[in-house]
């Protein structure tokens, strides 16, 4: 019997391994499908198993307490549900950490009214939802959390997470611009070797509580950040930064879907005002097999890639597709500054690509929509809404989460013990091949009672 496309896509992506490693590769991958320069990070492998047993924001048994425990550690969950952090950002400061959200029972783990900043090295974070939101704060009042960001971090893998309603960015790699006296020291002092794979980064809030005003942004890769990988992610309904690579940054983009960017999709910008007294560094972007689809808010004629600022960009692009909401072709390249900055076209990829399984661009949308986000086997209402709207060409840029939904309710947790013998503790994959709460077929859109009745389905 012929497999349905969603089944094929799900099986492909839940453990979409890179090409087989050579015998010379000594370090194992963090998990099957880990990609990029950070793929071999051990995270918390071999460390203590720390069980999250409460949905409280802090205290014994909480996620926060586990994160703040020093030393190698693997965080597993014996509860599923919503953790309300009360507008306090979670900071990860101790290295050698694996957060295994896939171990949570039932609905998984959703963090609300918060963001996560990683300020250390060797971290693996998988299968979490983080919904920041304005939380009723007045416009420009100063609540400006990133939903997720690394801050001068290194060797970090973020896989199968959902990041919504960011006040700053939804999913970024940041840090100081200039640390030391040489380019090598600058790069060492900021975020480097960061992989984002299979994530959903959507609905960055536009005119909300950020002090700068409009700030619906997808992903910021800060100046001189290198070894940054975006693989099989979905950006949806962000005004700009899908992603933005700043001066001297280096990024690899493979098989991502960008939907309904308003003013900019992919862009590069080395700003003279931020580089006074420093020699410019040429940035690098390699983009292969990515899809840009315009939506309700997308500017007419929006290019796939735009160049701003004063610095040059080396660019290699292959098999990318950019269309407006009606399927008409969009330009590959444009500018938003009239400067001497040059686009330097490379003849070969500027980052290694041999270890990736790269889909032809016409297969990307179907595959990625089936697999992106925190728990593709058990999606929540927000993930289903956004991904169905992407597929249907619907949805808009928003200013407040209340325009489309509300925070999920904090309820009594779903409980189930974590049984070590059921898991491969090296990769934190279930030995059975099925995750807690895994259902088939994929979760469908939520229907009203009337819709169910009209389709002859039970109430």
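The values are calculated or read from the model by the stated rules, or taken from the named source; none is laboratory data. These figures come from a predicted structure and were not determined experimentally. Cβ placement follows ideal geometry from the backbone for every residue including glycine, while neighbour counts extend to all protein chains displayed.
Give the range 336-350 a look and list any residue that's assigned to a loop (DSSP other than H, G, I, E, B) and in contact with a strand residue (DSSP E or B) (Cβ under 8 Å, 6 or more places away or on another chain), or say none.
Residues satisfying the conditions are 336, 337, 339, 341, 342, 346, 347, 348, 349, 350.
Take the residues in the range 430-459 that are modelled with pLDDT of 80 or more, touching a helix residue (DSSP H, G or I) at 6+ places or on another chain (Cβ under 8 Å) and farther than 28 Å from residue 133 by Cβ, then tell me which one is surrounded by the most Cβ atoms within 10 Å (Cβ to Cβ).
Looking at the filtered set, the residue picked out is 430.
Counting just the residues of the range 392-414 that are surrounded by 13 or more Cβ atoms within 10 Å (Cβ to Cβ) and part of a helix (DSSP H, G or I), which one comes out farthest from the chain's Cα centre (by Cα)?
The qualifying residue farthest from the chain's Cα centre (by Cα) is 402.
Listed here are the residues, each with its yes/no results for (1) part of a loop (DSSP other than H, G, I, E, B); (2) buried (at least 24 other Cβ atoms within 10 Å of the Cβ); (3) in contact (Cβ under 8 Å) with a residue 60 or more places away in the chain; (4) out of contact with any helix residue (DSSP H, G or I) (no Cβ under 8 Å at 6 or more places or on another chain).
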{"site": "262", "(1), (2), (3), (4)": "yes, no, yes, yes"}
{"site": "268", "(1), (2), (3), (4)": "no, yes, no, yes"}
{"site": "273", "(1), (2), (3), (4)": "no, no, no, yes"}
{"site": "276", "(1), (2), (3), (4)": "yes, no, no, yes"}
{"site": "279", "(1), (2), (3), (4)": "yes, no, no, yes"}
{"site": "285", "(1), (2), (3), (4)": "no, yes, yes, yes"}
{"site": "299", "(1), (2), (3), (4)": "yes, no, no, yes"}
{"site": "302", "(1), (2), (3), (4)": "yes, no, no, yes"}
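I'm trying to understand the selection: among the residues of the range 233-245, which are surrounded by 24 or more Cβ atoms within 10 Å (Cβ to Cβ) and part of a loop (DSSP other than H, G, I, E, B)?
233, 237, 238, 241, 242, 243
Can you tell me which residue is surrounded by the fewest Cβ atoms within 10 Å (Cβ to Cβ) among those in the range 136-174 that are at positive phi and touching a residue at least 60 places away in the same chain (Cβ under 8 Å)?
If we take residues in the range 136-174 being at positive phi and touching a residue at least 60 places away in the same chain (Cβ under 8 Å), then 142 is surrounded by the fewest Cβ atoms within 10 Å (Cβ to Cβ).
Filter the range 216-232 down to the residues that are within 12 Å of residue 170 (Cα to Cα) and buried (at least 24 other Cβ atoms within 10 Å of the Cβ) and list them by number.
Within the range 216-232, 216, 217, 218, 219, 221 qualify.
Search the range 55-87 for residues being in contact with a helix residue (DSSP H, G or I) (Cβ under 9 Å, 6 or more places away or on another chain) and assigned to a loop (DSSP other than H, G, I, E, B), and hand back the single one that is surrounded by the most Cβ atoms within 10 Å (Cβ to Cβ).
So, considering only residues that are in contact with a helix residue (DSSP H, G or I) (Cβ under 9 Å, 6 or more places away or on another chain) and assigned to a loop (DSSP other than H, G, I, E, B), the one surrounded by the most Cβ atoms within 10 Å (Cβ to Cβ) is 55.
What are the residues in the range 392-414 that are in contact with a strand residue (DSSP E or B) (Cβ under 9 Å, 6 or more places away or on another chain) and more than 23 Å from residue 114 (Cα to Cα), if any?
If the condition is that a residue be in contact with a strand residue (DSSP E or B) (Cβ under 9 Å, 6 or more places away or on another chain) and more than 23 Å from residue 114 (Cα to Cα), then 393, 395 are the ones that fit.
Which one of these does residue 50 not meet: (1) in contact (Cβ under 8 Å) with a residue 60 or more places away in the chain; (2) closer than 18 Å to residue 420 by Cα; (3) touching a helix residue (DSSP H, G or I) at 6+ places or on another chain (Cβ under 9 Å)?
(1)
Can you list the strands (runs of 3 or more DSSP E) found entirely within the range 151-199 that contain at least 2 residues being under 16 Å from residue 38 (Cβ atoms) and either touching a strand residue (DSSP E or B) at 6+ places or on another chain (Cβ under 6 Å) or modelled with pLDDT under 95 (or both)?
Answer list for the range 151-199: 154-159, 172-174, 192-197.
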